[in-house]
Each structure stands twice: as C-alpha cells, then as structure tokens.
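Enquirer: This is the structure I have questions about; it appears just below.
The values are calculated or read from the model by the stated rules, or taken from the named source; none is laboratory data. Only a predicted model underlies this, so the values are computations on that prediction, with no experimental measurement involved. Because the Cβ atoms are built from the backbone with ideal geometry, glycine has one as well, and the counts that use them run over all protein chains shown. Calculation scope for accessible area: heavy atoms of the full protein, side chains included, ligands and nucleic acids excluded. Shrake-Rupley method; radii C 1.70, N 1.55, O 1.52, S 1.80 Å.
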Amino acid sequence: MKKITTGMAVAAGLLALLAYFRGGISLVLEGLQGGGLMLLKVTPLLLIAFLVAGLIQVMVSHEFIKKWLGKEAGIKGVFLGALAGAMVPGGPYVSYPIAASFFISGAEIGTVMAFIAAKNVWSFTRLPMEFALLGAHVTVTRFLVTLVFPIIVGILANLLLAGTEEKIRNQVKELAGGGHND
Amino acid sequence: MREVGIMIEAMVVLSLFALILLSIAVKRKDGSSKKALRSGFGMMKGVIPLLLFAFILSGMLQAAIPAELIKQWLGSEAGLRGIIIGTLAGTSIPGGPYISFPIISAVHDAGAGIGTVVAFVTGWAMMGLGKLPFELAIMGTRFTLVRMLLFAVFPVIAGWIAYVVL
C-alpha cells in the first residue's frame, strides 16, 4: 500500500513538472483544481458505489459466488461477470470498488477481468453518448468488433492466471483493509 | 452539459442497484444491511488516502497531456499504421467519455480510417490512462499490471478487424 501511494505521488509530481514546463504554475494549479473538482462532483456517486460494494460483499453468499462466479462456475462466471460489468454506470471510481468486492468475495479472476472488459467495451450506459457523438456507423462497428472481447479476456485470464490468482487477490484484500469482516 | 446528464444517469442507475440490494438486505432481518454499510464504509476508509491521490493524479494527467496534441497527431491516419497510432492515442487520453468522444469525433471528421477510429475508441476504453490511478488505488499493482498485459493487444485486434472487414 505504501509503495502504491509513493508511486502515485511520484507520478503526480512528474506530471506536475511536465504541466509546469508546458504552461507554468497556472497549469499545475489547473490540474490540482481539476482533480479536486472531479472528486467533489463524484463524491455522491462514490458513496453509493461503496455502499453497493459493501452490499455485494455481505449479500452475495459464498454459495452464490461459488456456484455462479467462482471456480466451479467456469465459463458461466465469465458471462455473468461481463453482463454485470456492462450494467455498471459511472466512472472507474464506481466500477473498481464493485470489481474489488466481487474479487474479495471469491469470484474467479476471469470473472473479474470479464467484468472490467465489459464495462470498457459493452457499457450500456455509455452507448447513447457514443451514438450521439461518433454516429451510428462507428458505434455499431466498434460494438460488434469488440463484442466477444470480454468473454475471450475472461477465459484467457482463467487459463493463464490460475497460479497467481491468490497472490493478486490478497493484494486487493489488503488494500480494502477492514472491508471484509469474515 | 452532457457531463452532468451522464452523472445524473449514473446516479439514478447506481441508486437503483443500491436500493434493490438494500431492500433485500433489510428484509432478511438478520443485520445484513448494517453489516453491508459497515463493510462498504470500511472498504472506503481503507482506500480513501489512495483515492485522494488518484484524483490528484487524474487531474494532473489532464493538465499535462494536451488533448489537442492527440488530435493533431492522428490527423488522417489510416491502415495498419493508423491502427497502432490510434491505439496509442486512445491509451493516452486522460479522461472520461466527455473528453475522449469529442476528440475521436474530430479525428473521424478529419478523415481517419474506420480501423484507426475503432482502435482509438477501444484503446481509450480498454487501456485509457485516466482509469489507471483508480485501478491502482483499489485493485493494486499486481492486478493492474496483469490486466494491462492481458488487454493490450485487443484494441489493435479491434482496429484490424474493422479495417479488414469494412
């Protein structure tokens, strides 16, 4: 956790330097202000996102996770994860807490990867905007071309990452801290 | 004001999810709802320091990476070169859809090929830098790294399929 904080602070520092060379101190302040404003704007969403994440962790029983999203679920888990990802609205500050709660509760890594990939390329709530700004031709082409990606990503993750899955899950648990009380 | 519309829409959908789950929890009458609140709150408390950094980093990304430059960079690229450049350009867009789609739309209008545009949208959606601070804060370095390695080829594949088929 400390390493991640340090890494992000260093990255923010480097970017601030880059912004300084591009537009002086005012651009650096603009960046800070942009981040702060964004945080203020999304705070209500953030609160509900963590509420949903908490509800998922408590409500979704171990049996459910095992049967539908875990190892025994296999390809079914990948499909369900993708479907859930497509339905999640809002930015990454909403989808990642929810992805983490599934992962912490025992969902297989392919399920979680499919969830994120579907949030990225299926996202039902983003489609109307894509349609409006990029037009029907681009949107339909883009959607069809990427349609199978979340499923492929999920299957690949399950195949390739079975050995490291627990190590990855432990880090997510560690970051969530007191979030899991069982 | 599209951004505000999207936020409200997200709020409504997410609140609906929360309400449904919460009402099931309350009906159980076994303290599930309280436990869920505690669990969600605990998780938030855990990641708040990181999340604060994530928002600062996100703002800095937007200040340091000029969206206009990405637009100029792509111009009227097409073909295989366009697909690669489109993927990289998509990856380097630092914000949400209200930042990326207008840029992509401009690139499309400027005459970029469909392969380039599809690679651009997919590159932004699957690999976009703007999501990284939040992913690192909540999922950690291991997950983020593995996810990026796994996703990296897909925008190129998407652009290539669109280019070959259309």
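Enquirer: Quick check: pseudo-label points 7 Å beyond the Cα along Cα→Cβ at B:W73 and A:L160, how many nm apart are they?
Expert: 2.4 nm
Enquirer: Determine the calculated [θ] at 222 nm for the protein assembly as shown from helices alone, applying -39500 (n - 2.57) to every DSSP H run no shorter than 4 residues and normalising by the residue count; nearest 500 deg cm²/dmol.
Expert: -28000 deg cm²/dmol
Enquirer: Under 29 Å between alpha carbons: how many lysine pairs meet that in segment A:40-182, if sequence neighbours fewer than 8 apart on the same chain are excluded?
Expert: 18
Enquirer: Same structure again: Could you tell me whether segment B:1-64 comes out rounded, prolate or oblate from its Cα gyration tensor? Rule is a ≥ b ≥ c as square roots of the eigenvalues, rounded for a/c under 1.5, then prolate if a/b exceeds b/c, otherwise oblate.
Expert: oblate
Enquirer: Could you give the radius of gyration (one decimal) and Dmax (whole number) of the Cα atoms in the protein assembly as shown, in Å?
Expert: 19.6, 61
Enquirer: Taking only Cα atoms and a 10 Å spring cutoff, compute GNM fluctuations for chain B and point out the largest among B:T122, B:T91, B:T144.
Expert: B:T144
Enquirer: Give the shape of chain B as rounded, prolate or oblate, defined through the alpha-carbon gyration tensor: a ≥ b ≥ c are the square roots of its eigenvalues, a/c under 1.5 means rounded, and otherwise the shape is prolate if a/b is larger than b/c and oblate if not. The partial results should precede the final answer.
Expert: On the way: a/c = 2.24, a/b = 2.08, b/c = 1.08.
Verdict is prolate for chain B.
Enquirer: Short version: what are the Cα gyration tensor semi-axes of chain A, square root of 5 times each eigenvalue, largest first, in whole Å?
Expert: 31, 24, 16
Enquirer: Shifting gears a bit: Mean-square fluctuation check for chain B, GNM, Cα pairs under 10 Å: which of B:R147, B:R81, B:R38 is largest?
Expert: Taking springs between Cα atoms under 10 Å, the residue moving most is B:R38.
Enquirer: Moving on to the next point. Count the lysine pairs in chain B that are 8 or more places apart or on different chains: how many have C-alpha atoms under 21 angstrom apart? Provide the component values of the computation, followed by the final result.
Expert: Details: B:K27/B:K35; B:K34/B:K45; B:K35/B:K45; B:K45/B:K131; B:K71/B:K131.
Going through chain B pair by pair, I get 5.
Enquirer: Continuing with this model, one more query. Putting +1 on Lys and Arg Cβ atoms and -1 on Asp and Glu Cβ atoms, find which of A:I25, A:L80, A:W122 reaches farthest to the positive end of the dipole of chain A.
Expert: Of the listed residues, the answer is A:I25.
Enquirer: Among B:K35, B:K131, B:K71, which one shows the highest mean-square fluctuation when chain B is modelled as a Gaussian network with alpha-carbon springs under 10 Å?
Expert: B:K35
Enquirer: Using only protein heavy atoms and a 1.4 Å probe, how much accessible area in total is buried between A and B, to the nearest 100 Å²? Could you put the intermediate results ahead of the total?
Expert: Values: alone 11600 and 11090 Å², together 15030 Å².
Interface area, both chains combined: 7700 Å², rounded to the nearest 100.
Enquirer: Suppose every Lys and Arg Cβ carries +1 and every Asp and Glu Cβ carries -1, with no other charges. What dipole size does chain A come out with about its Cα centre, to the nearest 20 debye?
Expert: In total the dipole reaches around 160 debye.
Enquirer: To the nearest 20 debye, what charge dipole does segment B:66-165 have about its Cα centre, counting +1 at the Cβ of each Lys and Arg and -1 at the Cβ of each Asp and Glu?
Expert: Roughly 260 debye, rounded to the nearest 20.
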